[in-house]
Amino acid sequence: MSVSLQNVNFHYPDTPKNQVLSIDKWEVYPGEKLFIYGPSGCGKSTLLNLISGILLPSSGSINVLGESLEAMTDHQRNRFRANNIGYIFQNFNLIPYLNSVENIRLAHYFSSKNKPSNTTALVKKIHNLLEALNMPIESWHKPINLLSIGQQQRVAIARALINNPKLLIADEPTSSLDPYNKENFMRLLIELCTTQKITVLFVSHDQQLNQYFTRSAALPSINKIVNKQ
Amino acid sequence: MFLRIATKSLLNRKGSVLLTLLAMTISILVMFGVEHIRTQAKTSFANTISGVDLIVGTRTGSLNLLLYSVFRMGSPTNNISWEAFTKISTDERVAWTIPISLGDSHKGYRVLGTNQSYFTHFKYGDQQPLTFNNGKPFEHIFDVVLGADIAKKLGYKLGDKITLAHGLVSTSFSNHDDTPFTIVGILQATGTPVDQTLHISLKGLDALHVNWQHQTAPTSITALMVGLKSKMSTFTVQRNINTSKDEPLLAILPGVAIAELWQTMAILENVLRLISLFVFISAIIGLSAMMLSSIRERDQEIKLLRAIGASSFFLYCFIKLEAMMITLLSTSIAVILLYLFLLMTKPYLVDNFGLALSENIMAIINIQWLAMIFICTFIAAIPAAFIAFKRAKC
């Protein structure tokens, strides 16, 4: 299994009565491209934060890529995330004061695996990724705020893929894109993940995106808390 | 990488960072400046006289004796007899003596009666002897040697004739018009009260008071400076003089008396240090506030860094590093500015105030100071860094 959740419950530590998430059993298969849809406020971001190990469940166990997140120390979880999980947000995917290449290098800085033997090799790898994402060469060293939103989201793909992750988590990455850029973004993302055999976990409220994925699931049908409401 | 993103992050917030940098630089500049001037003033104070083992005058307070004999301030309560001077001079433990007689003035500057040994034995600073800018020591009864300041301020040159007045005021009714003095020498600037003194022979000084045609040996002097053959005998000689039955005399060690005098200024010294400390604390609080408000704007940045694998500890260190970089830069700029400032004002200060400030500021910038500055920065960055740490946790 790529991801497997068993009897997971979650509430924020300071509000124990306000249960956010409750999942009995839920699994994501290796190499699958899973689309999760659901209205906002149904615990999408919380679920993704649990899977990436930023949050820990109040009870239950989460297994990612065959490893138990609860068994790891804080430090191990950070390292595990940097090494194995690519993450794309709706916006603010890039540090605004760094350029594209620096942003990608920063993501590489936190990972411990796939360290190219020298900087030239890393820069070559970054350049290949940016080329594959159709990023014009003159934009590579421009400040992030001079790039269009479409370009920024494509750099975000490169940033998420630089460490050759086995799992890619995307949290509404297309919601600020126009239809043309959305199409472009989805095509590139799916293409790269297919060639690199990356499991994709994609969350959105936009059901039209369903067509790009191998399986889809509605979060309200997984999360018992939402079902009760 | 770590350093690079911290630098870029600071550059990204140029406005607030620049203002904080400015406040920090000014405060560190003030702090170092005050400390430098304080140590320099202390040194220059202690440098007023050196190589003199004892100063002997009539029985009075030791500070009083020091003030009128070395700093030419105030008036002697009484004179000591010529016999006492001869007796001390001929003591076998004594190497040399310099007689000093005060009392007259020229346009507000003190006139000092002494003899040739003043120019050979008097030392200031780091055992530096007096040197002549122009001319030579006095030889005749109406020769006068000027301190550097007087020659400069009053525009005197060698060979000029001046008259000396009785008393201290510059416009005295009893100008000794019949006794004109000739300038035979002008001393190099020393940064000590010597620069404001007119030196004449003891006979010349007597000639101002009695009808000079009746030349006699001087009957009394104000004080004398004593150099001993061996420093070991300092305390014995001092005690012998202090317990002398012939005449009430007081012998003081100039170094000890100067230290005592400096003690009286300790309050001023501490007030200055306190003020510069407060300036620094306010700048540090400014830094803390700037860091704290920046954290509130950087929620998403923290979230993103966490998602790509940054640990909470990394974020904590990242914020700390930013604060440290501001402080490091401020300290460097402050040191350079202070150095340039001292270098530029040096000629002006020496010319106008006789204040010789060294531009060597490295002497005061020691490990303790730097440690204090950086520990304060570390503490000031704790709130911001802690918030970043906590945000990263959930």
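Numbers below:
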quantity: Difference of contour (0.36 nm per residue) and Cα-Cα distance, B:Thr163 to B:Trp96; calculated: 21.0 nm
quantity: Candidate lysines - alpha carbon under 16 Å from B:Lys390, same-chain residues fewer than 8 apart omitted; calculated: B:Lys303, B:Lys320
quantity: Least to most buried among B:Met1, B:Met31, B:Met291, A:Met186 (fewest other Cβ within 10 Å first); calculated: B:Met1, A:Met186, B:Met31, B:Met291
quantity: Rg/Rh (Cα only; Kirkwood hydrodynamic radius) as it applies to the protein assembly as shown; calculated: 1.32
quantity: Histogram of C-alpha separations across segment A:1-101, 5 Å bin width, %; calculated: 2, 11, 20, 23, 20, 14, 7, 3, 1
quantity: Residue mean of other protein chain beta carbons inside 10 Å, A:44-50; calculated: 1
quantity: Student exercise, segment B:54-252 dipole from Lys, Arg, Asp, Glu Cβ charges, in Debye to nearest 20; calculated: 460 debye
quantity: Separation of the A:Lys25 and B:Met324 label points, Cα + 7 Å toward Cβ, nm; calculated: 5.2 nm
quantity: Span from the segment A:41-115 Cα centroid across to the segment A:131-151 one, whole angstrom; calculated: 24 Å
quantity: Of B:Val111, B:Val279, B:Val56, the one that fluctuates the most in a GNM where chain B has Cα springs shorter than 10 Å; calculated: B:Val279
quantity: Net charge of Cβ neighbours under 12 Å - reference A:Leu201; Lys, Arg +1; Asp, Glu -1; calculated: +1
quantity: For B:Leu164, distant residues with modelled amide H under 5 Å away; calculated: B:His176, B:Phe181
quantity: HN-Hα J in Hz across segment B:182-191 - Karplus 6.51, -1.76, 1.60, θ = phi - 60°, x for Gly and Pro; calculated: 10, 6, 10, x, 10, 7, 6, 5, 10, x
quantity: R0 of 35 Å, Cβ-Cβ distance A:Asp14-A:Asn91: FRET efficiency to nearest 0.05; calculated: 0.85
quantity: Centroid-to-centroid separation of segment B:301-325 and segment A:1-38 [C-alpha atoms, Å]; calculated: 28 Å
quantity: Estimated distance in nm for a label pair at A:Glu67 and A:Val123, the labels positioned 7 Å out from Cα along Cα-to-Cβ; calculated: 3.1 nm
quantity: Table column - 3J(HN,Hα) (Hz), segment A:136-141, Karplus curve with 6.51, -1.76, 1.60, x for Gly and Pro; calculated: x, 4, 6, 8, 5, 10
quantity: Kirkwood hydrodynamic radius over Cα pairs of chain B, then Stokes diffusion coefficient at 37 °C and 0.692 mPa s, in µm²/s; calculated: 130 µm²/s
quantity: Candidates B:Thr182, B:Thr264, B:Thr377, ranked by Gaussian network fluctuation over chain B, Cα under 10 Å, top entry; calculated: B:Thr264
quantity: Sum of side-chain charges, A:Met72 neighbourhood, beta-carbon under 15 Å (Lys, Arg +1; Asp, Glu -1); calculated: 0
quantity: Highest to lowest packing among B:186-192, B:268-274, scored as the average C-beta count within 10 Å; calculated: B:186-192, B:268-274
quantity: Degrees, to the nearest 10: B:254-264 long Cα axis against longest axis of chain B; calculated: 50 degrees
quantity: Filter on B:Lys161/B:Lys203; A:Lys33/A:Lys224; B:Lys123/B:Lys231; B:Lys123/B:Lys152 - keep pairs with C-alpha separation over 25 Å; calculated: none
quantity: GNM top mover of B:Ser89, B:Ser282, B:Ser27 - chain B, alpha-carbon springs below 10 Å; calculated: B:Ser282
quantity: Of B:Phe2, B:Leu154, B:Ser101, farthest towards positive along the dipole that unit charges on Lys, Arg, Asp, Glu beta carbons give chain B; calculated: B:Phe2
quantity: Shielding by partners, peptide B:297-307 (average Cβ within 10 angstrom, other chains); calculated: 5
quantity: DSSP bridge pairs, the protein assembly as shown: antiparallel proportion in percent, nearest 5; calculated: 65 percent
quantity: Debye, to nearest 20: dipole size of the protein assembly as shown, +1 on Lys, Arg Cβ, -1 on Asp, Glu Cβ; calculated: 2360 debye
quantity: Segment B:179-210 and segment A:166-216: distance between their alpha carbon centers, rounded to Å; calculated: 98 Å
quantity: Cα pair distances exceeding 16 angstrom across segment B:104-149, given as percent; calculated: 46 percent
quantity: Long-range amide H partners of B:Asp53 with built H, under 5 Å; calculated: B:Val226, B:Gly227, B:Leu228
quantity: Karplus-derived 3J(HN,Hα), 6.51/-1.76/1.60, for each residue of segment B:52-65, Hz, glycine and proline x; calculated: 9, 7, 9, 10, 10, x, 6, 5, 7, x, 5, 5, 4, 4
quantity: Cβ neighbours within 10 Å from other chains - mean over B:308-319; calculated: 5
quantity: For B:Gln188, distant residues with modelled amide H under 5 Å away; calculated: B:Thr131, B:Phe132, B:Asn133
quantity: Relative contact order %, chain B, counting alpha carbon pairs below 8 Å whose residues are six or more apart; calculated: 25 percent
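Read-outs throughout are calculated quantities, based only on the coordinates presented, and are distinct from any laboratory measurement. Since the model is a prediction, treat every value here as computed from it, not as a measurement. So basically every Cβ, Gly included, is an ideal-geometry build from the backbone, and we count neighbours across all protein chains shown.
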